[in-house]
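Notes to accompany the following structure.
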Amino acid sequence: MSAQVAMFSGGRGGAAIARELLRTPGIGLSLLINGYDNGMSTGALRRYLPGMLGPSDFRKNLLLHLDARDPGQAALAAVLEHRLPDGTTPRDLAGFVGALAVDLVEGCHALPRRPRLAIARDLAAFLDRLGTGAGFDLADCALGNLVFAGAYLRLGEDFNAAVRACAATFGSPVRLLNVTGGENAHLVALKRDGRLLADEAEIVAPQDPAPITDLFLLRDPVRDRDALEAMPAARVRRILAGRGAEVSPNPAALAAIRDARLIVYGPGTPHSSLYPSYRAPGVAEAVAASRAAAKVLVVNIREDHDVQGLSASDHLARALVHLGDPFNERRSVTHVLCHGGTGDQAVPADTVPGDTVRVDVPGDVWGRARWITADLAEPARPGTHSGRRTVRVLTALAGLPAATPLEEAG
């Protein structure tokens, strides 16, 4: 029986780690994701289908197992990531779907028959809603997002059922799990300077360095921003709290957390990809109930716009607040894994030997968590984690075999 790993993740921040976990023998991987993304074409799609969560982070995680060297898998990846060009009409998309159904699409001949027909079926379901009118601009839409939208419509507007269906279509070996029951909700943040970040796209965008102090999940998008920003922050908090969305737990996600041998709080954009997931109903209780050998917070190497100037210990403190365990009394986080320094120390990556991993160094305990320092960076992609280096430490903490020894991971 495989050892279970549950990893909180977003779209791409933890991709290298997740990909390496998939390569590790004897591990079964569950990825815990939220659907609050509403940037660009994803936001346009959510406005067109107002009950649907954002599919983009789920779509990106369907790429983890696809190998560009395999023609069939490369074709599946191309479908997921293809962006429709400017001027694409519903009639154009209908022609593509018809040709796909009979294997006449140039460049898609390598698609295996079963996923090809499933993709055509779900795109056709989206087209049934779209019709031939101009109610939705298809320009720059990721084709994979439209496959998700079609599955969502075909399956009675059940977002989690659409996630399962798309995972099956694209042959994902990952248990891809939305942290909630799939109810629609809109993410909003309030900053210390009183500025309102009215949606997820603003939370991840460049912004002033004032810290985010509050996160809210709302039933409906903010439509009275100017009026809210003219009010005292305390009153805005009360108003937004009164507009909260009712979301339910996803039993499968909670079971994945409780049954995990290793829980990973992966890297990503904290206030969009991670903290809202920790706050999902039942998640904090499932983490507390889990008998995982290690519950590891992996600190970002590169700073995100929403957490400018925060130290590693700030990241731990904020994560614990959102997990409902501010003093870590329930041991929601057992270890903190940092690149190039311990706690708040900043050490240039090139000063840390590639094979150095320090575990259980006296004095490296803060917030009731053990702090671990290692060279975790991917040399070819500055600011990102090396999957092999990071997973080597994670599996060691949980007593699991690593996929590759460090000397092969260079």
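Brief remarks on what is shown
- All Cα pairs of segment 35-159, percent lying beyond 16 Å: 60
- When the surface is traced with a 1.4 Å probe over the full set of protein chains, residue 371 keeps roughly 10 Å² accessible.
- Between the alpha-carbon centres of segment 271-345 and segment 144-215 there is a gap of 20 Å.
- Å² per residue, accessible surface of the chain at 1.4 Å: 42
- Share of carbon and sulfur in the accessible heavy-atom surface of the chain [1.4 Å probe, %]: 52
- With the gyration tensor restricted to C-alpha atoms of segment 111-154, the semi-axes of the equivalent ellipsoid amount to 19, 12, 8 Å, longest first.
- Segment 295-305 - phi-based ³J(HN,Hα) in whole Hz, Karplus 6.51/-1.76/1.60, Gly and Pro as x: 10, 10, 8, 9, 7, 4, 7, 9, 6, 9, 4
- Note that segment 274-280 has calculated 3J(HN,Hα) couplings of 10, 4, x, 5, 4, 7, 4 Hz, one per residue in order, obtained from phi through the Karplus relation 6.51 cos²θ - 1.76 cosθ + 1.60 (θ = phi - 60°); glycine and proline are x.
- When you count the other C-beta atoms within 10 angstrom of each residue and take the mean per peptide, 329-336, 205-212, 93-100 line up highest first as 329-336, 93-100, 205-212.
- Segment 143-229: translational diffusion in µm²/s, Stokes-Einstein, Kirkwood Rh over Cα pairs, 37 °C, 0.692 mPa s: 215
- Solvent-accessible surface (1.4 angstrom probe) belonging to residue 237, in square angstrom, nearest 10: 80
- Contact order, relative form, for segment 39-153: 36 percent (alpha carbon pairs under 8 Å, 6 or more residues apart, mean separation divided by residue count).
- Note: relative contact order over the chain, using C-alpha pairs below 8 Å and six or more positions apart, is 17 percent.
- HN-Hα J in Hz across segment 284-293 - Karplus 6.51, -1.76, 1.60, θ = phi - 60°, x for Gly and Pro: 4, 5, 5, 4, 5, 7, 5, 9, 4, 5
The values are calculated or read from the model by the stated rules, or taken from the named source; none is laboratory data. As the structure is a prediction and not an experimental result, all values here were calculated from the model. Please note: Cβ atoms are built from the backbone with ideal geometry, for glycine as well, and neighbour counts cover all protein chains shown. Just so you know, the surface numbers come from the protein's heavy atoms only, side chains and all, with ligands and any DNA or RNA stripped out. Shrake-Rupley method; radii C 1.70, N 1.55, O 1.52, S 1.80 Å.
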